[in-house]
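Working notes, beginning with the structure itself.
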Amino acid sequence: MSKRQNGLTYAAAGVDIDAGNAMVEKIKPLVRSTRRPGADGEIGGFGGLFDLKAAGFVDPILVAANDGVGTKLKIAIESGKHDTIGIDLVAMCVNDLVVQGAEPLFFLDYFATGKLDPDQGASIVAGIAEGCRQAGCALIGGETAEMPGLYREGDYDLAGFAVGAAERGQLLPSDDIVEGDVLLGIASSGLHSNGFSLVRRIVEQAGVSWQDPAPFAVKQTMAEALLEPTRIYVKSILKAIRGTHGIKALAHITGGGFPDNIPRVLPADFAAEVDLDTIDVPPVFSWLAQTGGVAANEMMRTFNCGIGMVTVVARGQAAQVAAVLQEAGETVAPIGRIVPRRDAGVIYRGSISL
């Protein structure tokens, strides 16, 4: 019988604990940069702490959300551009919190990869920290998992988890939505983080590489243009909610577009009538529709088509709410109204310019 050979290690099996520790040291300053009232700790413990009282809440309701960024990750991986995908991760979670009237408080991430590259990991976390700063929430912890055999070398996946709070009685949507309320559309920064399986199919069929110039964006490669981060609306919307008390409901326009997302925040007996002629569609959507031969209805159910957030506002306060949002840096326009529901939850008027 042969003698068993000694010396097998976890690193030899593909998991490098030292690389994980090196990454933690690289990201500590990034995490520290997201501190806010209620979260002053360092990462490295077994759990993250948050003090609601120190954050100024009296009788809070907690609101939680989690999400990922879908196959947009494949473009980041294949192009080697990892510095903004973390912003998308935060955005997809915190935008879902603010539509309920909640202030994002803290965020945790899950980063899984086949072989950990500390520099790549730090670049990803730098984007997450930037997203947290934009949202005003603290990055209080996360998990890095190195799983050889499950992910190919170079591949990784991300998941994000956010918790916010609102004072009791101030959650959205409100119960006073009525016929004639105005729909305000807040512009997106582009594709955000939805529909990328279709995007990648169109790019592949067009024979375009990630390094080629983007035909719809000046001085940007395809990767740079398509990886434009999801806009984070938290600070502007909270300013409008608190400064006007005129917002009745908000819909984050993600996968499912207008027809699936707007009805989620409306009473069952109301529908949204959307004037498509009022929407300024960014060039990326027109390029995708024309290059891929994608019908208008399919575009509007897959992508945001230029509107990342829709808010329902009392008719008499629409101008005031729009002014506050614009002052905070948003591009805002009236795009429709609330009407009695007869069949569909969204009714289109006019045609979208693709």
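The values are calculated or read from the model by the stated rules, or taken from the named source; none is laboratory data. Bear in mind that the values here come from a model prediction, so they are computed numbers and not experimental data. Heads up, the Cβs are rebuilt from the backbone with ideal geometry, glycines too, and the neighbour counts pull from every protein chain shown. Side chains are part of the model used for accessible areas, which takes the heavy atoms of the whole protein and leaves out ligands, DNA and RNA. Shrake-Rupley method; radii C 1.70, N 1.55, O 1.52, S 1.80 Å.
Here is a yes/no grid of residues against (1) open to solvent by less than 10 Å² (accessible area, probe 1.4 Å); (2) in a strand (DSSP E or B); (3) charged (D, E, K, R); (4) over 17 Å from S33 (Cβ atoms):
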| residue | (1), (2), (3), (4) |
| --- | --- |
| D83 | no, no, yes, no |
| F106 | no, yes, no, no |
| V125 | yes, no, no, no |
| C132 | yes, no, no, no |
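Residues in region 97-114 that are within 30 Å of M147 (Cα to Cα) and out of contact with any Lys or Arg (no Cβ under 9 Å at 6 or more places or on another chain): F107, L108, D109, Y110, F111, A112, T113.
For region 224-236, filtered to residues that are open to solvent by less than 30 Å² (accessible area, probe 1.4 Å) and touching a strand residue (DSSP E or B) at 6+ places or on another chain (Cβ under 7 Å), the residue that is nearest to G306 (Cα to Cα) is Y233.
Among residues of region 152-168 being open to solvent by 60 Å² or more (accessible area, probe 1.4 Å) and part of a strand (DSSP E or B), the one that is farthest from F106 (Cα to Cα) is D157. Selection over region 189-223 of residues that are open to solvent by less than 40 Å² (accessible area, probe 1.4 Å), out of contact with any Lys or Arg (no Cβ under 6 Å at 6 or more places or on another chain) and among the small types (G, A, S) gives a count of 4.
Against the condition farther than 28 Å from V321 by Cβ and of a type in the set (K, R), how does R231 come out, does it pass? Spelling it out, it is not the case that R231 is farther than 28 Å from V321 by Cβ and of a type in the set (K, R). The set of residues from region 326-354 being out of contact with any Pro (no Cβ under 7 Å at 6 or more places or on another chain) and in a strand (DSSP E or B) comprises V332, A333, P334, I335, G336, R337, I338, V339, P340, I347, Y348, R349.
Scanning region 169-200 for residues that are part of a loop (DSSP other than H, G, I, E, B) and among the hydroxyl-bearing types (S, T, Y) gives S174, S188, S189, S193. Looking across region 134-151 at every residue that is assigned to a loop (DSSP other than H, G, I, E, B) and of a type in the set (A, V, I, L, M, F, W, C), the one that is least open to solvent (accessible area, probe 1.4 Å) is identified as C137.
For P173, the conditions (1) in contact with a Pro (Cβ under 7 Å, 6 or more places away or on another chain); (2) surrounded by fewer than 24 Cβ atoms within 10 Å (Cβ to Cβ); (3) at pLDDT 95 or above are fulfilled apart from (1). Each residue in region 290-315 was checked for being in contact (Cβ under 8 Å) with a residue 60 or more places away in the chain, more than 18 Å from the chain's Cα centre (by Cα) and open to solvent by less than 10 Å² (accessible area, probe 1.4 Å), and 2 pass.
Just checking, does region 45-67 include any residue being free of Cβ contacts under 8 Å to residues at least 40 places away in the same chain, open to solvent by 40 Å² or more (accessible area, probe 1.4 Å), over 17 Å from E167 (Cβ atoms) and of a type outside the set (D, E, K, R)? There is at least one residue in region 45-67 that is free of Cβ contacts under 8 Å to residues at least 40 places away in the same chain, open to solvent by 40 Å² or more (accessible area, probe 1.4 Å), over 17 Å from E167 (Cβ atoms) and of a type outside the set (D, E, K, R).
Only strands (runs of 3 or more DSSP E) whose full extent lies in region 247-325 are considered here, and none of them has at least 3 residues that are on the phi > 0 side of the Ramachandran plot.
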